[in-house]
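Colleague: Sharing a structure with you now.
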Amino acid sequence: MARAIIAALIALVLGACESMSAYEKAWQTMHLVDVAQTLNGPASDPCFREREPVTRTLIGERPEPEAVILWGVAAGVLHHLAFRWIESRDWPDGVKIALRAVDLGYKGVVLGRNHEAGVRPWGDNEPCRHPPFRMPDARPVM
């Protein structure tokens, strides 16, 4: 199911590619991988929780797949509109380049952290490195 949804999102993005800059295409592609990681991780695997603070606030630690898809589409559209607005400003090129670099760099860090935690965008995730969501054993107070 998640693969079909990702394929549909990829088709949607590719359909809009003519109006996108190379930077925006790169960000949207990375965002699709992030959405796939979230669908395959926190939304479906009990070993993982959403840990990015803004995303966790919006969709929760254990989001429903529908919430992930809605967040993914909304974030992609808002990003596209925000950076079209930024590109239309009469700001120095250095400022625009710095904004793009920070934006792509942060998205890359998010993808890398997800991968290091064991979340894969499709296929099998890495096995849990710890028992999922278990409280530590109670120890008697002496």
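We did not get these values from a lab; they are worked out from the coordinates using the rules stated. None of these values were measured; they are calculated from a predicted model. Please note: Cβ atoms are built from the backbone with ideal geometry, for glycine as well, and neighbour counts cover all protein chains shown.
Colleague: What does the highest-first list of 121-127, 56-62 look like by mean Cβ count within 10 Å? Could the numbers behind the result be given before it?
Modeller: Details: 121-127: 12.9, 56-62: 15.1.
Those peptides, ordered most packed to least, come out 56-62, 121-127.
Colleague: So how do TRP71, TRP91 line up by other beta-carbon neighbours within 10 Å, fewest first? Intermediate results must be reported in sequence, preceding the final value.
Modeller: Values: TRP71 19, TRP91 11.
Exposure proxy ranking, most exposed first: TRP91, TRP71.
Colleague: Using a cut-off of under 20 Å, list every residue of segment 26-43 whose amide N is near the label point 7 Å from the Cα of ASP124 along the Cα-to-beta-carbon line.
Modeller: 37-43
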